[in-house]
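**Student:** Pasting a structure here, questions to come.
The values are calculated or read from the model by the stated rules, or taken from the named source; none is laboratory data. All figures in this text were calculated on a predicted structure; none of them were measured in a lab. Cβ placement follows ideal geometry from the backbone for every residue including glycine, while neighbour counts extend to all protein chains displayed.
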Amino acid sequence: MDTREIPFEHRMAAHCETGTVTALLNHGGLTLTEPLVFGIAGGIFFGYLKSPDLPFPMFILRSKPGNIRRKISKRLGIKFAESRFKNPSEGEAALDKAIRDGHPTAVQVDFFYMDYMPEWQRVHINAHYVIVCGVNGSHYTVSDSYYKQKSLLERQKMLTARFAGGMMAPKGMMFYTDHIPEKIDLTKPIITGIKRASFNMTRLPIPFLGIKGIHRFAEKVKEWPALTRDADELADRIMRINILL
Amino acid sequence: MKEKDLYIESKEQQMILYAEKEDESYGEIATGSYATKHHLPEFIKYKETLDKELRKELMAGKISPLYYFMLMQDMGPGDLAKRVGVNRWKFKKQMKPENFDKLGDKILEKYALVFGVSIERIKELKTH
């Protein structure tokens, strides 16, 4: 197995998806900041979710995973080469090829298998994005925007993480920038982003989404102690929300 | 929020937040996490208590190692069944402690892959 390291600037970011998209665009020569990417994509959202399927109420603060990439691509005219795979070995070969061709590639993974993270932080959630920027025999070099430096991840772990099943299964989803237009006018995309975000936050006629969701959350959070056995479990639940945010 | 109100000295979890800086510009600051700094010991203590309780039940033969790993990694039965790729009712059957010894290596391997541990670890959990 050959070795290939792509020179790639690692930066931490506040959110994994905006972090990866921003890093890919910056690598491709389009300098945007993370808040700008977040704003253009209209990433802000609020939802207070409670259902019998969930062990505990939860809230979301951003739009659906994958939305930021799609909206950026649509509003700025940037083309991402995206692919999903049924067969894990095909997915692995495609990732190796993309890196050998010199594209830093973002992959969707299950957060649990990122074993450079401390153990208490690792939870099973399929909507995490990392950038793979190097392959070295049995290891990949991974740039994770939640971690302070680039780290190594075993090939087998990466394969398991990319083809984890369950809700929002990644199915080996990977993407890299294919084409970035020479000239981009940001005025229109920014206005669209603001309009869309304000619509999502204020106009949706559903009582647990947007501003209405914030109000509902404020009411319901008083009932949280009653939902748990003791203070320890409550702390555990809140901690878990903190990790996921 | 201002930068100085937000900054937290903690080594456990570093994160990026966006805040107003001294010169009134707006930018990113690298800081520790508030919740992590104050609640991490409680969180770890809770995990340890859970681990102890579950191990006690495991020794008594009330639960199977699969159930132990499921709760320790905070998954629901439906979620785990989907990740392993077995039917939900089949999973319910496999999860029972009396059926654990009957499971073959092939199916245990699937579980081990999802839990991110080796097969031996699952098999020897009762003795350690």
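**Student:** Output yes when any residue across segment A:48-55 is modelled with pLDDT under 90 and either assigned to a strand (DSSP E or B) or of a type in the set (Val, Ile, Thr) (or both), and no when none is.
**Tutor:** Yes, because at least one residue in segment A:48-55 is modelled with pLDDT under 90 and either assigned to a strand (DSSP E or B) or of a type in the set (Val, Ile, Thr) (or both).
**Student:** Would a scan of segment B:62-69 turn up a residue that is within 12 Å of another protein chain (Cβ to nearest Cβ) and surrounded by 13 or more Cβ atoms within 10 Å (Cβ to Cβ)?
**Tutor:** yes
**Student:** Continuing with the same structure: Among (1) touching a Lys or Arg at 6+ places or on another chain (Cβ under 9 Å); (2) more than 7 Å from chain A (Cβ to nearest Cβ); (3) exposed (fewer than 13 other Cβ atoms within 10 Å of the Cβ), there is one condition B:PRO41 misses while meeting the rest; what is its number?
**Tutor:** The single condition B:PRO41 does not satisfy is (1).
**Student:** With the condition being more than 14 Å from chain B (Cβ to nearest Cβ), I'd like the strands (runs of 3 or more DSSP E) fully within segment A:124-236 carrying at least 3 qualifying residues.
**Tutor:** Those strands (runs of 3 or more DSSP E) span A:128-136, A:139-143, A:174-179.
**Student:** Out of B:ILE122, B:ILE107, I need the residue that is modelled with pLDDT of 85 or more and either in contact with a Pro (Cβ under 6 Å, 6 or more places away or on another chain) or in a strand (DSSP E or B) (or both). Which one?
**Tutor:** Exactly one of B:ILE122, B:ILE107 is modelled with pLDDT of 85 or more and either in contact with a Pro (Cβ under 6 Å, 6 or more places away or on another chain) or in a strand (DSSP E or B) (or both), namely B:ILE122.
**Student:** Read through the list (1) at the interface with another protein chain (Cβ under 7 Å from one of its Cβ atoms); (2) of a type in the set (Asp, Glu); (3) closer than 16 Å to A:GLU119 by Cα, then give the number of the only condition that B:GLU12 fails.
**Tutor:** Unmet condition: (1).
**Student:** From (1) of a type in the set (A, V, I, L, M); (2) at pLDDT 90 or above; (3) touching a Leu at 6+ places or on another chain (Cβ under 7 Å), pick out the condition that doesn't hold for A:LEU61.
**Tutor:** All conditions pass for A:LEU61, except number (2).
**Student:** Mind telling me which of the residues A:LYS97, A:LYS74 ends up being within 19 Å of the chain's Cα centre (by Cα), exposed (fewer than 14 other Cβ atoms within 10 Å of the Cβ), away from chain B (no Cβ under 14 Å) and part of a helix (DSSP H, G or I)?
**Tutor:** Result: A:LYS74 is the single residue among A:LYS97, A:LYS74 that is within 19 Å of the chain's Cα centre (by Cα), exposed (fewer than 14 other Cβ atoms within 10 Å of the Cβ), away from chain B (no Cβ under 14 Å) and part of a helix (DSSP H, G or I).
**Student:** Of everything in segment A:77-93, what is more than 18 Å from A:THR22 (Cβ to Cβ), among the hydrophobic types (A, V, I, L, M, F, W, C) and either surrounded by 18 or more Cβ atoms within 10 Å (Cβ to Cβ) or in contact with a Gly (Cβ under 7 Å, 6 or more places away or on another chain) (or both)? Give them in sequence order.
**Tutor:** The answer is A:PHE85, and nothing else.
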